[in-house]
Amino acid sequence: MYRKQIKNICCIGAGYVGGPTMAVIADKCPDINVFVVDKNKSRIDAWNSPDLDLLPVYEPGLKEIIKRVRFKNLFFSTETIQNIKKADAIFISVNTPIKTSGLGAGQASNLKWVEACAKEIAEFSEGHTIVIEKSTLPVRTAEIIKKILFSKLKKDINHDKTFSILSNPEFLAEGTAIKDLEFPDRVLIGGEEENAINQLKTIYERWVEPSRIITTNLWSSELSKLVANAFLAQRISSINSISALCEKTGADINEVSRAIGFDSRIGSKFLKAGPGFGGSCFKKDILNLVYLSRYFGLKETANFWEQVVIINKWQKERIYSIIVNKLFGNITDKKIVILGFSFKANTNDVRESPAIEISQYLLSEGANLSISDPKVDEENIKLSLNGIKTGLSNQDLNEYGNWHFERDIYKALKNADAAIVLTEWDTYKTINWNKASDLMNSPGWIFDTRSIIDGNVVKDSGLEFWSLGNGDYD
Ligand code: NAD
Ligand code: UGA
C-alpha cells in the first residue's frame, strides 16, 4: 500500500493557487484524477461554470486548460470528505492570512484553515496518504500538522491510516501563473521520507527537468518559501526607495534600474519601481518572517526585514502627497480617475493592491474617484474599499469623497482633473491622449506610477504629466 502510485489527488482550497496548480497537474497527468474541493460553494460553482469567462480566477492560458481537462480528470466540488477518503495525496492549498487579533496579531499567520484541513484529513483519510503543504506556512508548521494527524491515530487503535508529510511550496506569480507552473524555475520538495518525496517527484517529472526539482528537509523548504518572497519584495522596496531620490536629483529610475541590472550579480528582474508591492503574500510573508525572528530573539533580523514593509507603505503615502501637492494642495470635489485597481496587470486579484490605500487617502481628502480596471469587478472594489482606515490623523468621515466604477476609460476621463495609472495594464499604453485632453478639465494631470506612458505625447496633448522616479517631470 505504501508504495502504490498516486492515482487520486485531492486539493483542499480552490483559490488562486489550488485552481491553476491542479489544472496544470491534471493537464500533464491524464492518468491521475484531480479533485479540487472548497467550502466556498459560489467559488466552486464558478469553477464549474459553462461560461469560461466566469471562472473565479483570471489567468492568461487558464481557460484553455480548464476546457481540456475539466470533467475529464479535473473536478471541482464542495464534497471534502468523500474526496479526502479516496485520495492518495492531498494538497493543502488554503489561505494563510495574517492574524488580526490575539497573540502575534498583525504579523503571525492565522493557521486556523490549515488546522481544520489537518483535522479533516485525520478523520476521513483511508490507507496511506501523502499530505502536502502547498500553502505558504511559517517554518515548523509541518510539526503541527503531524501532531494533529498522529494524535488521531493514537486514539483509534483499529485504524488503517498512515501518513507522510511533505512541504511543496508554490512559487507562481499571478498573471503568469500558467507559464510559471508549466516552466518553473524550480520545484521544491521538503520531506523526511524518500519514498513520499519520490512519489511527488514522479508527478512533476512528467514536465519538469529533474535537475530543476530540488529536495530539502521539511524546515528548509518551509523557510525557503518565506525567504524567496522576502528577497523579491526587498528588491522592490530597494528600487522604490531610490525612485524618490531620482525625483530629487534629476535622475531617471528606469535608467538607473537598467544600468544596475546589467551587472549579472544584481540581475535585471524585479527592479521596476512602482506604487509599492501588493498581492496577498509579500507583506504577510515578510511579517511572518519578522514575527518568527522576534520569537527566536533575533531582533536585528526582524528589524532588517520589517523595513521592507515600512518603505512599501511610505511609497504609497509619498505618491498620494505628490498628487495632492500638484493639484494645488486641494482635491476636495475634484474628479480623479484611478486607472487600474488590481495589484498588478493580468490578474483580477485586488488583495493588498496599492490602489486600495492610495484611493483611501484620496477619498479621505474629499476627492471623487472614478475607478476603472479591465478585469476587476465593482463588487471586489467595494469590498476592499469599505471599512479600511487610512491611518491618516486628519481623517474625518464627513469629508469623505465618493467613488464610482467605470470600465470605459474615456467615460471615466470625462471632466476629470487628474488620472493616476496604478496598474500596468497594456490597454493604458494605447490611450489616445488628445482625446483624453479634450475630455478632461484644465489643467488636467496624468500621474504615471508604472512608467508605461510616453510623457512627451501626454504633454503635447496639453495635459500636465508626472512620472514616478523621473527627475525630469518633478
Ligand atoms: P485563496 O484565498 O485564493 O484560496 C484559498 C481557498 O481555500 C479559499 O477559496 C477558501 O474558501 C478555501 N478554504 C479554506 N479553508 C478551507 C477548508 N477547511 N476546506 C475547504 N476549503 C477551504 O488563497 P490563494 O491565493 O490560493 O493562496 C493559498 C496559499 O498559497 C496561501 O498560503 C498563499 O500564501 C500561498 N500562495 C499564494 C500565491 C498566489 O499567487 N496567490 C502564490 C504562492 C503561494
Ligand atoms: C509573488 C512572487 O513573485 C511569487 O513567486 C510567489 O509565489 C507569490 O508572490 C506568492 O507567494 O504569493 P505575485 O504577488 O503574484 O507573486 O506577483 P509579483 O509579480 O511578485 O508582484 C508582486 C507585486 O510587486 C505587484 O504589486 C507588482 O506590481 C510589484 N512589482 C513586481 C513591482 O512593483 N516591481 C517589480 O519589479 C516587480
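Quick notes
- Among 12-20, 267-275, 144-152, 358-366, the order from most to least packed when residues are scored by Cβ within 10 Å on average: 12-20, 358-366, 267-275, 144-152
- Taking amide H atoms as placed 1.01 Å from N in the peptide plane, the amide H of Ile371 lies under 5 Å from those of Ile338, His404, Phe405, Glu406, each 5 or more residues away in sequence or on another chain.
- Over the stretch 20-164: Rg over Rh, Cα atoms, Kirkwood Rh: 1.00
- Both radii are taken from the alpha-carbon atoms of the stretch 330-474; with Rh as the Kirkwood radius, Rg/Rh is 0.95.
- This model, with +1 at the C-beta of Lys and Arg and -1 at the C-beta of Asp and Glu, gives the chain a dipole about its Cα centre of some 1280 debye.
- On Cα atoms only, tilt of 141-155 relative to the major axis of the chain in degrees: 30
- Derived scalar couplings between HN and Hα for the stretch 329-341 equal x, 9, 10, 4, 6, 7, 8, 10, 9, 9, 9, x, 10 Hz in order, rounded to whole Hz, by the Karplus curve 6.51 cos²θ - 1.76 cosθ + 1.60 (θ = phi - 60°), x for Gly and Pro.
- Note on Lys284: aspartates and glutamates with a C-alpha under 20 Å away, same-chain residues under 8 apart excluded, are Glu115, Glu133, Glu170, Glu174, Glu222, Glu300, Glu306, Glu317, Asp349, Glu352, Glu357.
- Relative contact order of the stretch 60-163, pairs being alpha-carbon contacts under 8 Å that are 6 or more residues apart, as %: 28
- Computed over all pairs of different Cα atoms, the Kirkwood value for the hydrodynamic radius of the chain is 24.0 Å.
- Where Rh is the Kirkwood radius over Cα pairs, Rg/Rh for the stretch 161-256: 1.17
- Residue order for Val131, Val69, fewest other beta carbons within 10 angstrom first, comes to Val69, Val131.
- Enclosed volume per residue, in Å³, of the convex hull spanned by Cα atoms of the stretch 239-371: 140
- 3J(HN,Hα) along the stretch 104-109: x, 3, x, 9, 6, 6 Hz, from the Karplus curve 6.51 cos²θ - 1.76 cosθ + 1.60 with θ = phi - 60°, whole Hz, x for Gly and Pro.
- Amide hydrogen neighbours beyond the local backbone of Asn110, cut-off 5 Å, H modeled: Ile98, Lys99
- Phi angles of the stretch 32-42 translate, via the Karplus equation with coefficients 6.51, -1.76, 1.60 and θ = phi - 60°, into HN-Hα couplings of 10, 8, 10, 10, 9, 10, 8, 7, 8, 5, 5 Hz per residue; Gly and Pro are given as x.
- Residue order, fewest to most surrounding Cβ atoms within 10 angstrom, among Leu413, Leu103, Leu226, Leu54: Leu103, Leu54, Leu226, Leu413
- Angle in degrees between helix 354-364 and the longest Cα principal axis of the chain, rounded to the nearest 10: 50
- Long-range HN-HN contacts of Ser451 with modeled amide H, under 5 Å: Leu468
- Counting Cα-Cα pairs of the stretch 1-78 in 10 Å increments starting at 0 gives whole-percent bin shares of 20, 56, 19, 4, 0.
- Between helix 299-326 and the chain: long-axis angle, C-alpha atoms, 0 to 90°, nearest 10: 30
- The order of Ile32, Ile338, Ile239, going from fewest to most other C-beta atoms within 10 Å of their C-beta, is Ile32, Ile239, Ile338.
Read-outs: derived from the displayed coordinates by stated rules, not from any lab. Everything numeric in this text was worked out from a predicted model, so none of it was measured. Because the Cβ atoms are built from the backbone with ideal geometry, glycine has one as well, and the counts that use them run over all protein chains shown.
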